[in-house]
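Everything on this sheet refers to the single structure shown next.
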Amino acid sequence: MKKLLTVSLLLISSIIVYGQKIDDSFSKNRMKKDLSIFKEIRLKANSGLYKYRTKAQIDSIYNWAEEEIEKSSSYIDFYNIICQLTDFEGSLHNETSLPDKFLQTIKKEHYGYFPFPIKWIEGKWIVNYDKGKIPLGAEIIEINKVPISEIIFNLHKYYTTDGLNLTGKRIGIRKHFAKYLRLNYGQVKEFEVTYKRNGSSFKENKTIDGISYLDYYQNFDDRHSKPYDQIYYSELNEGEKYNFKILNAKTGVLTINTFSMGNETTLEHKKYARFLDSIFVKINFLNLKNLIVDVRQNSGGSDPNDVLTYSYLTSRKFQESKQAWISFNKIPYVKHLNVSVPKFLRPFGVGKFNRHFQKRFPTENNKKYFISKETSEIKTRKPNKNAFKGNVYLMVSPAVASAGSLFASMVAGNDNTTVIGEETMGGYYGHNGHTSLGYVLPKSGIIIDFSIDNIQQDVVDRKNQLDKRGIIPNYTIGQSFQDFLNNTDTQMNFTKDLIKRAIN
């Protein structure tokens, strides 16, 4: 009897583990029920649903999803459908996450992951690893007979960006390429890779073994470009978050890698405020003519660090937002919220949050609830008395997002600003941000998060600015291949040369 019990427990254990694999079957009926709930949540709670897409476009992609379900049979099929819907909306704060039990399962997978990190350099996806069977810097042409351009397009859905932006998706792909490849194409043991060495027109083929999930991320940690781009992936200490240095008698560099310095009540914010005031007093005392503002690694952070910084770089009165609104005055679908409170208790606790939203968004117009003019986001702010009035050279990249892109957008609109780098993933004219809601789809357990504040930023029209896109630079400059090999900063060198030419 004891042996029988042991065998039974092993069988039950194996069934539970098996049921947690993302490649397992998942019924169409469950997919349809979760899709219906997903759609209703988006319609009632997500103010950004039609920010970048028309109603006809949204209706069309949901029709596509319904048709896709008829061709689907596995859990990962449905997850990929939800990812596609989420990405199509166009908000970098949209997230679609696997339940923890599935995440833990894939983290334990010991094969099926492409071995090498890749990076976008000069219009090509190249190998960003110098210890593998394919040489560093080799251009990937195909993987398992699929062109790399098609692969990358299919992986876009896993990393959301604002509007119609595509450059920001490279940020996710350069880190999570192997995981995204596995999610989209399944778990395979070998990869047949077609590639070209740098400077060669000859295509080479090599079959390489897939590796484990953990081994891929170890290879990413050992990537060639780590000395150049690690700041984006680090937990920044205080000394890495911001700094200022003087290049010469006419030029200084202000680097702000994050706005995560707390709010008005925190000591860290107060220290940052003192830092800003001291350096701009110094800039004016030294009569510097040029200021390089480098926010290339800034993916956002907390209010009011963004607008406080902008007050030192403008001569106009300004607001953080011209307007903001949400699409409800009572949180819908409370029973599906991603919270630890039992479902039967949620109606009793949600009242506090509803009153908060009703106070913050008191004015209703055509089923939109607009933010109060008394909030800090809407109040009119003045330039700081020590604001810089010289030439600003703003350096941006696809990593710039959220509060980072709001700040950069405002600076980019100034007449004295020249923008250098690559299009930001954060939108120029607006974004969905501030408050996040999270839900769990009941049949699949898939977690969906999105920001509910539809924000119109206080920015001006720029001649080269495209609608529904990130900040478009005046000079689009990426890292060159040679500088990639040497881990050299192409954009900073270009900016310094641009200032030198302007002076001469």
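The values are calculated or read from the model by the stated rules, or taken from the named source; none is laboratory data. For clarity, every value in this text was computed on a predicted model and none was experimentally measured. Quick reminder, even Gly has a Cβ in these numbers, built from the backbone with ideal geometry, and neighbours come from all protein chains shown. The protein model used for the area step is the full one, side chains on, heavy atoms only, and it has no ligands, DNA or RNA in it. Shrake-Rupley method; radii C 1.70, N 1.55, O 1.52, S 1.80 Å.
I need to check one value: relative contact order of the range 114-163, counting alpha carbon pairs closer than 8 Å and at least 6 residues apart, in percent. Display every interim value, and only then the final one.
Details: 44 pairs, mean separation 10.2, N = 50.
Relative contact order here is 20 percent.
For the range 257-329, the Cβ-based charge dipole about the Cα centre amounts to some 300 debye (Lys, Arg positive; Asp, Glu negative; other atoms uncharged).
If packing is taken as the mean number of other Cβ atoms within 10 Å per residue, what is the order of 436-447, 202-213, highest first?
Details: 436-447: 18.1, 202-213: 14.1.
Highest to lowest by the protection proxy: 436-447, 202-213.
Working ranking of peptides 162-175, 247-260, 343-356, 375-388 by packing, defined as the average number of other Cβ atoms within 10 Å per residue, highest first, is 162-175, 247-260, 375-388, 343-356.
Could you look at the range 406-473 and say what percent of its accessible area is carbon and sulfur, using a 1.4 Å probe and all protein chains? Present the calculation step by step, with values, prior to reporting the outcome.
On the way: 880 of 2000 Å².
About 44 percent, which is the carbon plus sulfur part of the accessible surface.
DSSP beta bridges confined to the chain are antiparallel in about 75 percent of cases. What separates the Cα centres of the range 217-292 and the range 373-396 is a distance of 18 Å.
The packing ranking of peptides 406-414, 126-134, 332-340, highest mean first, is 406-414, 126-134, 332-340, where packing means the average number of other beta carbon atoms within 10 angstrom of each residue.
Gain in length, residue 340 to residue 503, computed as 0.36 nm per residue apart minus the alpha-carbon separation, to one decimal in nm? Show your work: numbers first, answer last.
On the way: separation 163, 0.36 × 163 = 58.68 nm, distance 6.01 nm.
Gain on extension, residue 340 to residue 503, equals 52.7 nm.
Put the Cα centre of the range 32-105 next to the Cα centre of the range 307-357 and the gap is 22 Å. In percent, rounded to a whole number, the relative contact order of the range 192-282 is 12, using alpha-carbon pairs under 8 Å and six or more apart.
Can you tally the net charge around residue 250? Count Lys and Arg as +1, Asp and Glu as -1, for every other residue whose Cβ sits under 11 Å from the Cβ of residue 250. Present the calculation step by step, with values, prior to reporting the outcome.
On the way: positive: 289, 500; negative: none.
Residues near residue 250 contribute +2 overall.
Among the lysines, select those whose C-alpha is under 22 Å from the C-alpha of residue 21, and discard any that sit fewer than 8 residues away in the same chain. Leaving aside lysines fewer than 8 places away in the same chain, those within reach of residue 21 are 32, 33, 71, 101, 107, 108, 157, 179, 189, 443.
At full extension, residue 385 and residue 466 could sit 25.9 nm farther apart than now, given 0.36 nm per residue minus the alpha carbon distance.
Helices from the chain with mean Kyte-Doolittle at least -0.5 and a Cα length along the axis of 27 Å or more, per DSSP H: which? Answer set is 267-286.
State in Å² the accessible area per residue of the chain; use a 1.4 Å probe, count heavy atoms of protein chains only, and round to the nearest integer.
Counting only protein heavy atoms, the per-residue value for the chain is 47 Å².
Once C-alpha pairs closer than 8 Å and six or more residues apart are averaged by separation and normalised to the residue number of the chain, the relative contact order reads 17 percent. Carbon-plus-sulfur accessible fraction, the range 200-265 (probe radius 1.4 Å, protein heavy atoms only): 46%.
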